[in-house]
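Here's the structure, in C-alpha cells; my notes come after.
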Amino acid sequence: TSSEAMTAKDTLTVTVDVKNTGTHAGEEVVQLYVRHLDSAVQRPDKALKAFKRVAIAPGETQTVTLTFTGHDLAYWHTSKQAWVVEEGDIQVMVGSSSADQDLPLRKTIAVSM
C-alpha cells in the first residue's frame with residue numbers, strides 16, 4: 001500500500017508479489033494482519049483481516065491483492081452499545097502465517113474518524 005492514512009469509511013488495498021522459487025507447483029495462503037499500536041482497549045497482537053489462497057507454478061510470480069475497510073477495525077463498545085473505530089496508528093502485516101514472529105511486510109497507517 002502507498003497510503004499513510006485512512007478513515008473509518010476508507011478501503012485499504014494491499015498488493016504483494018508472491019514467487020514460487022521451487023521446482024514444483026505449490027499453494028500459498030497470503031494473510032493480512034492488523035495490530036492496533038495505541039488502543040484504549042485490549043486488542044489481539046495480530047488480528048486477521050484478509051487472506052487469499054493462490055496456486056503458483058514453479059518459477060511463477062503472482063500479484064495478490066488484499067483489502068479491508070475502516071469498519072473492519074471496529075470493536076464493540078459496551079457502554080455505547082455500538083461499533084467504534086478508534087483513531088490511532090495501526091500496523092499492517094502480511095505473511096504466510098500468524099506464527100511468524102517477524103512478518104515480512106509491515107507498514108504503519110494512521111486511522112482517523
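The values are calculated or read from the model by the stated rules, or taken from the named source; none is laboratory data. Quantities reported herein were computed from a predicted structural model and do not represent experimental measurements. Here Cβ is always computed from backbone atoms with ideal geometry, including for glycine, and neighbour counts include all displayed protein chains.
Tabulated values for the structure
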quantity: Unmet requirement for Ala55, which otherwise passes all of (1) farther than 23 Å from Thr11 by Cβ; (2) in a loop (DSSP other than H, G, I, E, B); calculated: (2)
quantity: Residue in segment 18-44 that is farthest from Ala110 (Cα to Cα), counting only those that are among the charged types (D, E, K, R) and modelled with pLDDT of 90 or more; calculated: Glu27
quantity: Of residues in segment 91-104 being under 11 Å from Lys46 (Cβ atoms) and without any contact (Cβ under 8 Å) to a residue 60 or more places away in the chain, the one surrounded by the most Cβ atoms within 10 Å (Cβ to Cβ); calculated: Gln91
quantity: Extreme residue, farthest from Asp17 (Cα to Cα), among residues of segment 56-86 that are aromatic (Phe, Trp, Tyr) and surrounded by 14 or more Cβ atoms within 10 Å (Cβ to Cβ); calculated: Tyr75
quantity: Single residue of Lys107, Lys49 found to be under 11 Å from the mean Cα position of the chain (by Cα), closer than 21 Å to Thr11 by Cβ and without any contact (Cβ under 8 Å) to a residue 40 or more places away in the chain; calculated: Lys49
quantity: All positions within segment 7-46 that are without any contact (Cβ under 8 Å) to a residue 60 or more places away in the chain and assigned to a strand (DSSP E or B); calculated: Thr11, Thr13, Thr15, Asp17, Val18, Lys19, Gly26, Glu27, Val34, Arg35, His36
